[in-house]
Amino acid sequence: MAGSTLPKLTCALAATALVAAGGTSAQASAPSPGARLAYKALSNALTSGAFHAVEVRKLGKAVTDATEDVANAEGTQTLSGSGGWKARILVVNHSAYLAGNAAGLRTYFGFPAAVARKVGARWVSIPSSSPGYSQASYDATIESTIASITPSSGKLTETGPTKIGGTEAIGIRGTGPSLNRAGTPSSITLYVSTTGRPLPLRAVLTDTKGDSKTVVLSGFGEHLTVRAPHGAVAILSLT
């Protein structure tokens, strides 16, 4: 999608493999306690079934707010950005559904102005058989959110103990996914709970271009029900 800033992985399960392996083979020989905690927490989040996330992204002067409830095969994402654009994504029953105001349809989804006018206030449906489905649905799935806060292989360091929302936690610092199309590496601090079952609570990413993203996670294992909207217009009818 034109406005999306999350990295599009060749395979979204790359994050799952990294979590399951605890890093690269070099790390596996002697991973630090912080690395083991980080990857265990990410694995727990991935297998929780569903969770809630709130994101704030800053790319240059543009700010995007996103609220999402994501699961393995379904999810919802509501976004708004600088200039007043708004967008929504639903993933349910092997289809993705897109909607937004006129600015959102153009700015975030990249629809031509004429197509945006034709869509209006309706939802646009994209079936899983469509070539555009993977890209349309990616940002509203559990794997996407986990991938966007997974430190890459390499050295991970630990912060001192802290509290996130009243929960005892520790920060794990390393290299994170790029925040922009240029592929600029980011620095990530992933805050993980240290009491009870380890879970990721907060992630802060920054890069040398001044871009940043903060993600706050909660509601692990929540019951998520997504219903397909009525009256959606098929994407193929717009071309």
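The values are calculated or read from the model by the stated rules, or taken from the named source; none is laboratory data. These figures come from a predicted structure and were not determined experimentally. As a convention, Cβ positions derive from the backbone with ideal geometry for all residues, glycine included, and neighbour counts pool all protein chains shown.
Annotations
- Positions within the range 207-232 being assigned to a strand (DSSP E or B) and touching a Gly at 6+ places or on another chain (Cβ under 9 Å), in sequence order: 207, 213, 216, 218
Residues are listed down the side, and each one gets a yes or a no for (1) of a type in the set (S, T, N, Q); (2) outside any strand (DSSP E or B):
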| position | (1), (2) |
| --- | --- |
| 35 | no, yes |
| 41 | no, yes |
| 44 | yes, yes |
| 51 | no, no |
| 55 | no, no |
| 58 | no, no |
| 65 | no, no |
| 68 | no, no |
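- Annotation: of all residues in the range 198-227 being farther than 20 Å from residue 70 by Cα and charged (D, E, K, R), the one that is modelled with the lowest pLDDT is 209.
- Whichever residue in the range 82-103 is farther than 16 Å from residue 135 by Cα and touching a helix residue (DSSP H, G or I) at 6+ places or on another chain (Cβ under 7 Å) and, among such residues, is surrounded by the most Cβ atoms within 10 Å (Cβ to Cβ): 85
Results for (1) without any contact (Cβ under 8 Å) to a residue 24 or more places away in the chain; (2) among the hydrophobic types (A, V, I, L, M, F, W, C); (3) out of contact with any His (no Cβ under 6 Å at 6 or more places or on another chain), shown as yes or no for each residue.
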site	(1), (2), (3)
99	no, yes, yes
107	no, no, yes
116	yes, yes, yes
122	no, no, yes
133	no, no, yes
142	no, yes, yes
147	no, yes, yes
157	no, no, yes
160	yes, no, yes
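- The single condition among (1) assigned to a loop (DSSP other than H, G, I, E, B); (2) under 30 Å from residue 194 (Cα atoms) that residue 158 does not meet is (1).
- Beta carbons closer than 8 Å, at least 6 apart along the sequence or on distinct chains, pair a first residue in the range 216-236 that is of a type in the set (Ser, Thr, Tyr) with a second that is surrounded by 14 or more Cβ atoms within 10 Å (Cβ to Cβ) for 218/51; 218/52; 218/53; 218/201.
- Scope the range 170-185; condition in contact with a Ser or Thr (Cβ under 6 Å, 6 or more places away or on another chain) and part of a strand (DSSP E or B); matching residues: 170, 171, 173, 175, 176
- Residue match in the range 143-162 (condition: buried (at least 19 other Cβ atoms within 10 Å of the Cβ), closer than 19 Å to residue 59 by Cβ and among the hydrophobic types (A, V, I, L, M, F, W, C)): yes
- Of the criteria (1) of a type in the set (Lys, Arg); (2) within 20 Å of residue 180 (Cα to Cα); (3) out of contact with any helix residue (DSSP H, G or I) (no Cβ under 6 Å at 6 or more places or on another chain), which one residue 106 fails: (3)
- For residue 167, the requirement of being free of Cβ contacts under 8 Å to residues at least 60 places away in the same chain and among the β-branched types (Val, Ile, Thr) is met.
- Subset of the range 173-193 (residues that are farther than 11 Å from residue 205 by Cα and modelled with pLDDT of 95 or more): 191, 192, 193
- Residue within the range 72-82 that is in a strand (DSSP E or B), out of contact with any Asp or Glu (no Cβ under 8 Å at 6 or more places or on another chain) and in contact (Cβ under 8 Å) with a residue 12 or more places away in the chain present: no
- Meets criteria (closer than 23 Å to residue 58 by Cα, touching a strand residue (DSSP E or B) at 6+ places or on another chain (Cβ under 6 Å) and of a type outside the set (Gly, Ala, Ser)) for residue 235: no
- With respect to being touching a Leu at 6+ places or on another chain (Cβ under 9 Å) and among the polar types (S, T, N, Q), residue 77 fits the description.
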